[in-house]
Amino acid sequence: MGTDGIAVEKLWQPGAAEAVNKSIADLEVAVAEFASLIKNARRASGEMGFGRLDEATFSSESGVFLLRFVSRDYFIAAVLAPNGSFGRARYELSRAELLLKKELAT
């Protein structure tokens, strides 16, 4: 997804929306809204001297959203049920980042 909130590609696991008690449309809107938050957080992190923001996590009672930058303008996201495997999701996003980084380099 671009930091402008527009999805480049989507892949939803069967039953993903039901796992967090939301519709796919609700999840897509949530990820787009989080795009705005991480774009601002990334800017602020750089301005305050903390360095480049690579990953952000948003946790709520109905699910966990993991977002990982693959380039300056694009990130990948995972949505987990509250009891989902956080460590596994981070690992899979890291693997996907390595595969996508070359294609999305800006």
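The table for this structure:
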{"quantity": "All strands (runs of 3 or more DSSP E) inside the stretch 34-80 with 1 or more residues being at pLDDT 90 or above and of a type outside the set (A, V, I, L, M)", "calculated": "55-60, 63-69"}
{"quantity": "Close pairs from the stretch 41-63: first touching a residue at least 24 places away in the same chain (Cβ under 8 Å), partner small (Gly, Ala, Ser) and part of a loop (DSSP other than H, G, I, E, B), Cβ under 8 Å, at least 6 apart", "calculated": "Gly63/Ala81; Gly63/Gly84"}
{"quantity": "Restricting the stretch 56-89 to residues that are over 11 Å from Gly2 (Cα atoms) and of a type in the set (Phe, Trp, Tyr), the residue that is surrounded by the most Cβ atoms within 10 Å (Cβ to Cβ)", "calculated": "Phe65"}
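The values are calculated or read from the model by the stated rules, or taken from the named source; none is laboratory data. In this text the structure is predicted, and so the values were computed from the model without any measurement. Every residue, glycine as well, gets a Cβ built from its backbone with ideal geometry; the counts of neighbours run over all protein chains shown.
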